[in-house]
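A.B. asks: Let me give you the structure first, and then I'll get to my questions.
The values are calculated or read from the model by the stated rules, or taken from the named source; none is laboratory data. Not measured: the values here are computed from a predicted model. Cβ: placed from backbone, ideal geometry, glycine included. Neighbour counts: every protein chain shown. Side chains are part of the model used for accessible areas, which takes the heavy atoms of the whole protein and leaves out ligands, DNA and RNA. Shrake-Rupley method; radii C 1.70, N 1.55, O 1.52, S 1.80 Å.
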Amino acid sequence: MHVAMIGAGYVGLVSGACFADFGHDVTCIDKDTTRVAALKRGEIPIFEPGLHELVEANMRQGRLAFAADNASVGRADAVFIAVGTPSRRGDGHADLSFVYAAVREMAPLLSPTAVVVTKSTIPVGTGDEVERILRECRGDAGIPVVSNPEFLREGAAIQDFKHPDRIVIGTDDMRARAVLAEIYRPLYLNEPPLIYVSRRTAELIKYAANAFLATKITFINEIADLCEQVGADVQEVARGIGLDNRIGSKFLHPGPGFGGSCFPKDTLALLKTAQDYGVPLRIVETVSAVNDQRKRAMARKVVAALNGSVRGKSVAVLGLTFKPNTDDIRDTPAIPLITALQDLGASVRCYDPAGMEQAKTKLEGVAFCDGPYAAAQGAHAIVIATEWEQFRALDLARLNSVMAQPVIVDLRNIYRVDEMRRAKFRYSAVGRAGVG
Ligand SMILES: NC(=O)c1ccc[n+]([C@@H]2O[C@H](COP(=O)([O-])OP(=O)(O)OC[C@H]3O[C@@H](n4cnc5c(N)ncnc54)[C@H](O)[C@@H]3O)[C@@H](O)[C@H]2O)c1
């Protein structure tokens with residue numbers, strides 16, 4: 001199959017490389033000429049484990065190419081749209097301008113037998129508008145538009161794409177279903193995770209999934225707050241409820257609030273859709289509001305750990321990305337935490353294994369350091385904001401020796417109380433006892 005992937009970001013690049021690895025002939029198209037030039041040289045513009053090797057192998061074998069123009073659209077059996085759908089400034093609706101622009105640009109070039117597939121996360125009804133634009137630009141109504149939302153997670157994107165729990169294919173057009181089935185066939189030789197639904201249902205499945213996961217995280221975060229007050233341990237509560245198959249253990253890790261390129265914007269966009277249709281989603285509204293407040297509120301934990309004030313103190317923040325194994329800092333909890341600490345009078349030093357360059361564009365007055373020990377130099381407290389592997393086994397004696405005082409605020413619960421006690425740290429975590 002010939003596949004064109006419009007947008008070579010986290011989703012487009014991973015999906016395109018994986019489709020090529022299945023044996024399809026794929027061109028990833030991106031407007032960003034610098035990005036395309038880098039990709040052509042074999043340089044990967046994002047941090048995603050295993051992606052470099054996958055792209056390189058498939059380019060070498062001639063199945064994966066990159067372009068800054070739409071010329072290859074003409075020979076594509078399927079054109080996937082994987083451009084960004086960020087929150088629209090001001091009202092939280094999904095900004096669909098990139099999607100619609102991509103459709104207008106490709107419309108005249110499409111083969112009459114092509115199928116257009118939206119992989120971007122788009123509100124219910126967007127597929128209808130894409131179909132209308134195609135009709136307007138081409139003067140015919142023959143091109144099916146399919147919703148095929150993507151569920152991969154950054155940091156584990158290739159594994160997720162190649163071993164999905166399910167593949168949702170939203171269309172009633174039988175020929176389009178057959179084209180999508182053929183594209184994904186290498187994945188379901190052993191198991192059939194394809195779900196055929198209507199386009200609107202597929203569009204909503206994606207938002208409902210993200211809103212549900214965001215709710216699970218927010219639920220355990222609030223239970224963590226309660227644990228702190230009643231003297232219970234949230235890790236054990238999470239295990240105690242997560243072993244119940246009806247609940248499941250995933251997404252029950254308390255922390256500083258969910259972030260990233262999807263959950264915050266997708267919960268907001270779902271709320272806007274629900275408002276437009278006059279159906280209030282009170283649970284999701286609350287999840288979004290509670291999570292927003294939580295990120296900045298994490299600064300209060302640092303204040304408490306420093307006996308009531310951070311003014312004039314130096315705080316080292318370890319981890320800037322919204323989760324490990326990505327360089328993505330979109331809506332990361334670390335940024336509101338850092339700005340709140342600065343507002344309270346602290347000076348902030350930080351380190352992240354992959355997110356420093358992006359963070360430099362968002363933060364001012366922060367010292368960016370070469371590693372965790374450099375960040376800890378002279379600090380009155382360390383805050384662990386992202387659970388990168390390399391932060392899980394820090395040399396505590398070395399940290400203690402370079403800090404102004406031994407205080408750790410572990411917002412990801414990656415350390416044990418007994419090791420902190422042994423290393424003579426004052427330690428606080430989320431939803432469980434610390435070392436006073
Ligand atoms: N990042 C994730 O983990 C994830 C997971 C599932 C779904 N999604 C959804 O997938 C979509 C893409 O997300 P992303 O994180 O990959 O975005 P991204 O910002 O990393 O990449 C989007 C790319 O599209 C390019 N682009 C924009 N307009 C274009 C056009 N007209 N022609 C060609 N290229 C164009 C941009 O230059 C950019 O490189 C979003 O709707 C997102 O919600 C993201």
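A.B. asks: Let me make sure I get this right: for region 286-352, a, b and c are the square roots of the gyration tensor eigenvalues over alpha carbons, sorted descending. Under 1.5 in a/c it's rounded, otherwise prolate if a/b > b/c, else oblate. Which is it?
C.D. replies: It is oblate, given that a/c is not under 1.5 and a/b is not larger than b/c.
A.B. asks: So, one more: In whole angstrom, and with the biggest value first, how far do the Cα coordinates of region 328-436 range along each principal axis?
C.D. replies: On the principal axes, region 328-436 reaches 39, 28, 27 Å in Cα extent.
A.B. asks: Right, another one. In Å, the Kirkwood hydrodynamic radius of region 93-162 over pairs of distinct alpha carbons?
C.D. replies: Values: mean 1/r = 0.0757 Å⁻¹.
After inverting the pairwise mean of 1/r, the radius is 13.2 Å.
A.B. asks: With the contact rule set at Cα under 8 Å and sequence spacing of 6 or more, what percent relative contact order holds for region 10-136?
C.D. replies: On the way: 158 pairs, mean separation 29.3, N = 127.
Computed over region 10-136, the figure is 23 percent.
A.B. asks: Starting at 0 and stepping by 20 Å, how many percent of the alpha carbon pairs of the chain end up in each bin?
C.D. replies: Each 20 Å bin holds this share of Cα pairs: 24, 52, 23, 1.
A.B. asks: Right, something else. Suppose R0 equals 35 Å. What FRET efficiency, 1/(1 + (r/R0)^6) with r the Cβ-Cβ distance, do E419 and E43 give to the nearest 0.05? Before the final figure, lay out the partial values.
C.D. replies: Values: r = 40 Å, r/R0 = 1.14.
Working from the Cβ atoms, E equals 0.30.
A.B. asks: For labels at Q159 and V402 in the simple 7 Å Cα→Cβ model, what's the distance in nm?
C.D. replies: 3.0 nm
A.B. asks: If the label point is 7 Å along Cα→Cβ of V197, which residues in region 109-142 have backbone nitrogen under 17 Å from it?
C.D. replies: 118-128
A.B. asks: Report Rg/Rh for region 29-81, rounded to two decimals, where Rg is the Cα radius of gyration and Rh the Kirkwood radius.
C.D. replies: Values: Rg = 11.6 Å, Rh = 12.0 Å.
Here Rg/Rh amounts to 0.97.
A.B. asks: Hey, another quick one. Just the number, please: percent antiparallel of the DSSP beta bridges in the chain, rounded to the nearest 5.
C.D. replies: Taking every DSSP beta bridge within the chain, about 5 percent pair in antiparallel fashion.
A.B. asks: Moving on. Region 239-292 to region 1-74: how many Å between their Cα centroids?
C.D. replies: 32 Å
A.B. asks: Now, a different point. For region 1-125, give me the percentage of DSSP beta bridges that are antiparallel, rounded to the nearest 5 percent.
C.D. replies: Of those bridges, close to 5 percent are antiparallel.
A.B. asks: A further question follows. Please compute the Kirkwood hydrodynamic radius over region 209-292, one decimal place, Å, based on all pairs of different Cα atoms.
C.D. replies: 13.5 Å is the Kirkwood radius here.
A.B. asks: Sticking with this structure for a sec: For the chain, take the longest principal axis of its alpha carbons; what is the angle in degrees between that and the long axis of helix 282-305, to the nearest 10 within 0 to 90?
C.D. replies: Once rounded, one gets 30 degrees.
A.B. asks: Rank these by accessible area, largest first, 1.4 Å probe: R416, R175.
C.D. replies: R416, R175
A.B. asks: Provide the per residue accessible area, probe 1.4 Å, for region 163-313, rounded to a whole number of square angstrom.
C.D. replies: 53 Å²
A.B. asks: What is the Cα coordinate range of region 158-232 on the first, second and third principal axes, sorted by size from largest, in whole angstrom?
C.D. replies: Extents along the principal axes, in whole Å: 58, 27, 17.
A.B. asks: P(r) for region 81-218, please, calculated from all Cα pair distances in 10 Å bins and given in %.
C.D. replies: Result, from short to long distances: 11, 39, 36, 12, 1 percent.
A.B. asks: Once every DSSP H run of n ≥ 4 in the chain is given -39500 (n - 2.57) and the sum is divided by its residues, what mean residue ellipticity at 222 nm do you get, rounded to the nearest 500 deg cm²/dmol?
C.D. replies: Calculated from helices alone, the mean residue ellipticity at 222 nm is -13000 deg cm²/dmol.
A.B. asks: With a 1.4 Å probe and every protein chain left in place, tell me how much accessible area M174 has, in Å² to the nearest 10.
C.D. replies: Here the residue's solvent-accessible area equals roughly 130 Å².
A.B. asks: Can you classify region 150-290 as rounded, prolate or oblate using the Cα gyration tensor, where a ≥ b ≥ c are the square roots of its eigenvalues, rounded means a/c under 1.5, and otherwise it's prolate if a/b beats b/c and oblate if not?
C.D. replies: On the way: a/c = 2.69, a/b = 1.56, b/c = 1.72.
Oblate is the answer for region 150-290, as a/c is 1.5 or above yet b/c matches or exceeds a/b.
A.B. asks: Let me ask something else. Leaving out ligands, DNA and RNA but keeping every protein chain, what accessible area does E182 have, in Å² rounded to the nearest 10, with a 1.4 Å probe?
C.D. replies: 70 Å²
A.B. asks: Report Rg(Cα)/(2.2 N^0.38 Å) for region 1-111, keeping two decimals. List each step's numbers first, then the result.
C.D. replies: Details: Rg = 13.9 Å, N = 111, 2.2 N^0.38 = 13.2 Å.
Taking N as the residue count of region 1-111, the ratio is 1.06.
A.B. asks: Quote the accessible area belonging to R282 in square angstrom, nearest 10, computed with a 1.4 Å probe and with ligands, DNA and RNA left uncounted.
C.D. replies: Surface open to solvent at R282 totals about 150 Å².
A.B. asks: Could you state the number of Å between the C-alpha centres of region 183-208 and region 300-360?
C.D. replies: That distance is 39 Å.
A.B. asks: What shape does region 256-411 have by the C-alpha gyration tensor, where a ≥ b ≥ c are the square roots of the eigenvalues, rounded means a/c under 1.5, and otherwise prolate means a/b greater than b/c and oblate the rest? Numbers along the way, then the final one.
C.D. replies: On the way: a/c = 2.46, a/b = 1.89, b/c = 1.30.
Taking the square roots of the gyration eigenvalues as a ≥ b ≥ c, region 256-411 is prolate.
A.B. asks: Leaving out ligands, DNA and RNA, and with a 1.4 Å probe, what % of the accessible surface on the chain is carbon or sulfur?
C.D. replies: Taking all protein chains in place, the chain shows 52 percent carbon and sulfur surface.
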